[in-house]
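Scroll down for the structure; my scribbles are underneath it.
Just so it is clear, none of the values below were taken in a lab; they were calculated from the coordinates. Quick caveat, the model's predicted, so the values are computed rather than measured. Every residue, glycine among them, receives a Cβ derived from its backbone with ideal geometry; neighbour counts consider all protein chains shown.
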Amino acid sequence: MIKIDLKQLCAVFGIYLLFIASTASAAADTKTSLKNIYDMRILSFAILSDYYMFSGLEGDSKYNREIEANIKRFEEKLSIITDPASPTANLSSLANAITQWNQYKDLLDINRADFLTQGYANARLVSDLSDKAIELSDSLNIVYNVIVDENKVKLNDFTKHTRQMGIIIQTVTAEYAARSTSSMGQVGVININEGGMDKQGKIFSDLLAKLKDGATERRIYKLVDQVGVKWEFIAKSIANYNENAVPFIVSSYGDRITSDLENIEERYAKSLQAKK
């Protein structure tokens, strides 16, 4: 009788361990999906920024290569979240995001081809490209929020703040590139940032202050401080985009800040894990 009971106990315990492992794996997959979707939003605006730099600097091959590289990165992440094993694969909201991406990529190809063949792109289509980038990002954000809500995902404040800041720095960089390069004459009024670049810049600064307040570990505080130094270096140029335009510097520092924010998020997550 005791042997049978022990066998039953071991079987139940084994099932329990499998359940725990399965639950942990599902949670990890969900958070990975959220990170991929966030990265795709970042890439959509990075591509737009690179397009404006490409056209504004008369077809600079460096930015054309960056566009191609970021398209590849976007589609690699898209293939991951549409994989049948992914928790996002069957979301109805994802289908709209895929449609938006295909339309965005088509407009990007047309505008690049026009610029390379005739030295300029159609002003309306360039404006459409900017609008489509916003629509793509918004559609991806809907997918992101659906995953959070349906799976009751709890994200720490550092993750929330760094990701919001990442989106802000990319949209600000894209709009600055549009307004400070020669392509501005073609695209008319650009409104990538809700409320304008000044408003988004203030939100970025407020979130940066929150990160500093919450950075109790020295190495994380140092990383946050480095973001602050880089932000301070370009903030005035962004606020005064009509004066002494420096699109290359803003673009370069914007990418560095985005990378730093990702590093901060990762370091903070590891710090939390180590405390458990």
To one decimal place, what orientation-averaged projected area in nm² is obtained for the convex hull of the Cα set of the stretch 133-276?
-> 9.4
Assigned charges on the beta-carbon of Lys, Arg, Asp, Glu; the stretch 233-274 dipole about Cα centre (debye) | 100
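May I ask which of Lys62/Lys270; Lys154/Lys199; Lys132/Lys230; Lys31/Lys236; Lys31/Lys105 have a Cα-Cα span longer than 31 Å here? Don't jump to the answer; show the numbers that get you there.
Working: Lys62/Lys270 35 Å; Lys154/Lys199 28 Å; Lys132/Lys230 29 Å; Lys31/Lys236 36 Å; Lys31/Lys105 27 Å.
Lys62/Lys270; Lys31/Lys236, as the Cα separations exceed 31 Å there.
Give me Arg65, Arg267 sorted ascending by neighbouring Cβ count inside 10 Å, so fewest comes first. Walk me through the numbers before you get to the answer.
Numbers: Arg65 12, Arg267 17.
Fewest to most other Cβ atoms nearby, the residues stand as Arg65, Arg267.
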Label point distance in nm, Ser93-Arg73, each placed 7 Å from Cα along Cα→Cβ | 2.4
Here the stretch 246-251 yields Karplus 3J(HN,Hα) values (6.51, -1.76, 1.60; θ = phi - 60°; whole Hz; Gly and Pro given as x) of 10, x, 5, 5, 5, 4
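For the stretch 30-154, what is one quarter of the convex hull surface built on the Cα atoms, given in nm²?
Average projection, Cα convex hull of the stretch 30-154: 7.3 nm².
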Working from Cα positions, state the angle (0 to 90°, nearest 10) between the long axis of helix 61-81 and the longest principal axis of the chain.
-> 30
Per the Debye formula with a single identical scatterer at each Cα and no solvent contribution, what log10 I(q)/I(0) holds for the chain at q = 0.07 Å⁻¹?
-> -0.31
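Where the only charges are on Cβ atoms (+1 Lys, Arg; -1 Asp, Glu), what is the dipole of the chain about its Cα centre, to the nearest 20 debye? Numbers along the way, then the final one.
Details: 33 positive and 35 negative charges, 246 e Å.
About 1180 debye.
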